[in-house]
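The values are calculated or read from the model by the stated rules, or taken from the named source; none is laboratory data. No experiment lies behind these values; they were computed from the predicted model shown. Using ideal geometry, Cβ is built from the backbone for each residue, glycine included, and neighbour counts are taken over all protein chains shown.
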Amino acid sequence: MRTLQGLENTVDLVLAQRAQAGDPHALEAVFSTHAPFVQRVARALGVPDGELDDVVQDVFVIAFKRLASFQHGKLSTWLYRITANVVANRHRARRVRDAFLGFWKRQPPRREAPADEAFDRLETRRQIAEVLAHMSDKKREVFALYEIEGLSGDEIAERVGCSIDTVWTRLHYARRDFEALARKRGLR
């Protein structure tokens, strides 16, 4: 058994080294060999079928960017950890987005809506604005551009003049802050 595991680790390492060197066939081999595994893991971790392809793509974008950090072990173990992190981030983002969109009704109240319903909507918007006002400028900016305006990470990076990694970091902390501030104000 150790021989097979050692062989798999050696094959993974050689494949990873070829991919690190920019061999497109090696990158394709990494993807075609491990994409079904990543998809199964993502599904097992609760990703809806309609999002599986996006998750697989996200995992391999991250994996290929970080391929230089793979030095030993099994690629599948390394990819599992990346997949688990991507899925956890998506679940966290979904919770924040669902909470946010539940509070922030984009449609104006209909004329026939009862006055108390319209008041509740306005009050919720006021509370959301208050939560956003308590966030740091940089986090609020990224949060608003992503969650409200629907811009991509690349578009946000270009607009605010920072790296894409900085965008994702700020968004991560902005979502966390938004959840905590909303909970503190009784919005959840």
Flagged in segment 148-187 as closer than 16 Å to ARG95 by Cα, among the charged types (D, E, K, R) and surrounded by 13 or more Cβ atoms within 10 Å (Cβ to Cβ), in numbering order, are ARG175, ARG176, ASP177, GLU179
Selected residue (criterion: modelled with the lowest pLDDT) from residues of segment 46-67 that are over 19 Å from ALA21 (Cβ atoms) and in a loop (DSSP other than H, G, I, E, B)
GLY46
Any idea which of (1) assigned to a loop (DSSP other than H, G, I, E, B); (2) at pLDDT below 85 is the one ARG159 doesn't satisfy?
(1)
For segment 35-86, name all the residues that are surrounded by fewer than 17 Cβ atoms within 10 Å (Cβ to Cβ) and in contact with an Asp or Glu (Cβ under 7 Å, 6 or more places away or on another chain).
LYS74
Inspect segment 68-78 for any residue being at pLDDT 85 or above and assigned to a helix (DSSP H, G or I) and give the result as yes or no.
yes
Every residue in segment 98-133 that is under 26 Å from the mean Cα position of the chain (by Cα), loosely packed, with under 14 Cβ neighbours inside 10 Å and either part of a helix (DSSP H, G or I) or at pLDDT 75 or above (or both), please.
ASP98, LEU101, GLY102, ARG125, ALA129, GLU130, ALA133
